[in-house]
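The values are calculated or read from the model by the stated rules, or taken from the named source; none is laboratory data. Everything numeric in this text was worked out from a predicted model, so none of it was measured. All Cβ positions, even for glycine, are placed from backbone atoms using ideal geometry, and neighbour counts span all protein chains on display.
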Amino acid sequence: MNQPLKITNHLPTAELQALDAAHHFHPFTDKAGLAAKGARVITRGEGVWLTDSEGNRIIDGMAGLWCVNIGYGRKEMGQAAARQMDELAYYNTFFQTTHVPAIALAAKIAELAPGDLNHVFFAGSGSEANDTNIRLVRRYWQVKGQPERTTIIARWNGYHGSTMGGGSLGGMKPIHAHGGKIEGIEHIDQPYWWGEGGDMTEADFGLARARQLEEKILELGADKVAAFIGEPIQGAGGVIVPPSTYWPETQRICDKYGILLIADEVITGFGRTGNWFGSETFGIKPHIMTIAKGLSSGYQPIGGSIVCDEVAEVVGSGGEFFHGYTYSGHPVAAAVALENLRIMQEENIIDHVRNVAHPYLKERWDALVDHPLVGEAKLVGLMGSIALTPDKAKRAAFASETGTVGLRCRERCFANNLIMRHVGDRMIIAPPLVITPEEIDILIDRAKKSLDECYEGLVADGLFVAKAD
Ligand code: PXG
């Protein structure tokens with residue numbers, strides 16, 4: 001008789017890697033490349049620390065995928081899940097039924113969200129929530145008697161997920177290239193001053209990029225436009241912090257033409273920028289917010305759309321809204337998200353970000369611009385990026401293909417047991433919000449060592465060279 005296959009943390013790394021390569025199809029990964037190299041196997045998490053199958057202790061500068069806001073290993077979260085599974089492991093929220101975790105979580109989110117964002121449509125992820133948003137804003141205009149308002153305007157290099165809807169809203173061309181893009185979504189340029197601002201001041205550039213929205217609305221006809229969607233700070237695009245002029249002008253334009261404004265808060269929500277929501281940090285007043293990630297600190301998959309009174313009333317007045325997911329408001333995920341929000345509030349984690357972690361990290365992060373490889377450093381709350389450049393004064397790009405230097409830097413970080421990612425030739429961090437000053441010191445020391453090693457390697461290999469003008 002065959003023995004059942006037991007796969008545990010105790011198998012040798014090479015065996016785990018071989019099984020992974022044989023059967024596990026990874027997201028956003030070159031399958032053949034990974035099989036040749038072998039995936040890093042993560043086995044434990046505690047606070048801001050990860051352990052891999054080789055026993056390395058890694059500091060997680062990315063909070064997983066920007067989500068583990070309260071840090072790893074909080075026992076209360078597992079207990080909340082177990083309690084809920086015992087009581088009611090699953091029930092749906094279709095067909096005029098509900099359950100206590102979904103009721104309590106929706107009410108809690110409505111209390112935390114600014115203004116009249118009082119209604120929550122649950123999803124299993126950020127991508128699903130953005131798919132909800134596409135249908136929701138188009139339905140809103142149908143019920144209002146303007147069914148031609150279907151187009152949604154988004155930004156190049158924005159990220160809104162990788163379902164067909166989310167991937168189409170996003171402005172990542174490689175994603176569009178794999179399977180196409182749904183109809184009725186238009187893109188304008190991003191407010192990325194360091195990379196695209198030329199000789200303009202940051203303030204003027206912010207206005208110019210916001211005014212592309214007005215130009216696009218006029219080109220399409222305002223009576224054809226349903227909504228504009230943007231991340232308060234682009235995350236996956238490289239932690240692109242917009243100039244201070246950008247959001248006020250964008251808001252003015254949306255208001256002027258009556259366009260619905262969707263703030264995708266999947267990364268910026270739940271404390272990441274030092275407020276509950278990035279919209280508060282930037283003074284944005286959205287009609288809809290997309291949420292996921294930090295809602296449960298990644299302990300359970302859950303996301304949703306927080307909808308303002310007016311949009312909820314209009315869509316609600318149109319009869320049945322034909323939309324929903326088996327796991328909309330899943331009771332276990334909702335109970336875990338509630339426990340996460342309880343911990344965030346009772347432990348004053350946002351105050352910790354504002355008063356302790358951000359100010360301390362800011363001082364050390366900004367000082368990285370003294371490094372020969374670093375051109376600018378940005379940090380809002382606990383979301384940061386640095387631009388790698390061979391010539392700071394000119395904000396020059398490298399002669400090598402974009403991302404070559406960033407990847408080399410990331411490899412040095414991995415070797416030094418620091419998770420700091422690259423997007424092109426920008427390095428990005430978003431550590432758990434509970435990171436302490438002592439841990440920030442370790443993060444920065446490892447980052448500096450990695451930058452030094454990367455710089456030495458570039459010089460030795462003749463790659464510390466600017467692209468010709
Ligand atoms: N909106 C934003 C702003 C996001 O950052 C999504 C939507 C989609 O959420 P789900 O839960 O469907 O993944 C995201 C997700 C990266 C990376 O490489 C970023 C995300 C996901 C995976 C990788 O930075 N963000």
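Quick look at the numbers
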| item | result |
| --- | --- |
| Residue, farthest from PRO242 (Cα to Cα), within the stretch 369-379, restricted to residues that are touching a Leu at 6+ places or on another chain (Cβ under 7 Å) and aliphatic (A, V, I, L, M) | LEU373 |
| From the options GLY71, GLY161, residue that is within 16 Å of the ligand (Cβ to nearest atom) and crowded, with 18+ Cβ neighbours inside 10 Å | GLY161 |
| Lone unmet requirement of (1) in a helix (DSSP H, G or I); (2) assigned by TED's automatic domain parsing to the domain that holds ASP116; (3) in contact with a helix residue (DSSP H, G or I) (Cβ under 6 Å, 6 or more places away or on another chain); (4) not β-branched (Val, Ile, Thr) for ARG364 | (2) |
| Of all residues making up the stretch 27-53, the number that are in a helix (DSSP H, G or I) and touching a residue at least 40 places away in the same chain (Cβ under 8 Å) | 0 |
| Residue selected from the stretch 54-67 under the condition part of a loop (DSSP other than H, G, I, E, B) and crowded, with 20+ Cβ neighbours inside 10 Å, by the criterion farthest from the ligand (Cβ to nearest atom) | GLY61 |
| Cβ-Cβ under 7 Å pairs, at least 6 apart or on other chains, the stretch 123-139 side within 9 Å of the ligand (Cβ to nearest atom), far side outside any loop (DSSP other than H, G, I, E, B) and charged (D, E, K, R) | GLY126/LYS293; ASN130/ASP264 |
| Test: residue in the stretch 390-403 that is within 22 Å of ARG446 (Cβ to Cβ), touching a residue at least 40 places away in the same chain (Cβ under 8 Å) and within 23 Å of the chain's Cα centre (by Cα) | no |
| Subset tally (residues that are without any contact (Cβ under 8 Å) to a residue 24 or more places away in the chain and within 24 Å of GLY161 (Cα to Cα)) for the stretch 291-321 | 0 |
| Selection within the stretch 87-127 - small (Gly, Ala, Ser), surrounded by fewer than 22 Cβ atoms within 10 Å (Cβ to Cβ) and over 19 Å from TRP276 (Cα atoms) | ALA89, GLY124 |
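Here is a yes/no grid of residues against (1) of a type outside the set (Val, Ile, Thr); (2) not in a helix (DSSP H, G or I):
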{"residue": "ALA236", "(1), (2)": "yes, yes"}
{"residue": "GLN251", "(1), (2)": "yes, no"}
{"residue": "LEU261", "(1), (2)": "yes, yes"}
{"residue": "VAL266", "(1), (2)": "no, yes"}
{"residue": "GLY271", "(1), (2)": "yes, yes"}
{"residue": "LYS285", "(1), (2)": "yes, yes"}
{"residue": "GLN300", "(1), (2)": "yes, yes"}
{"residue": "SER305", "(1), (2)": "yes, yes"}
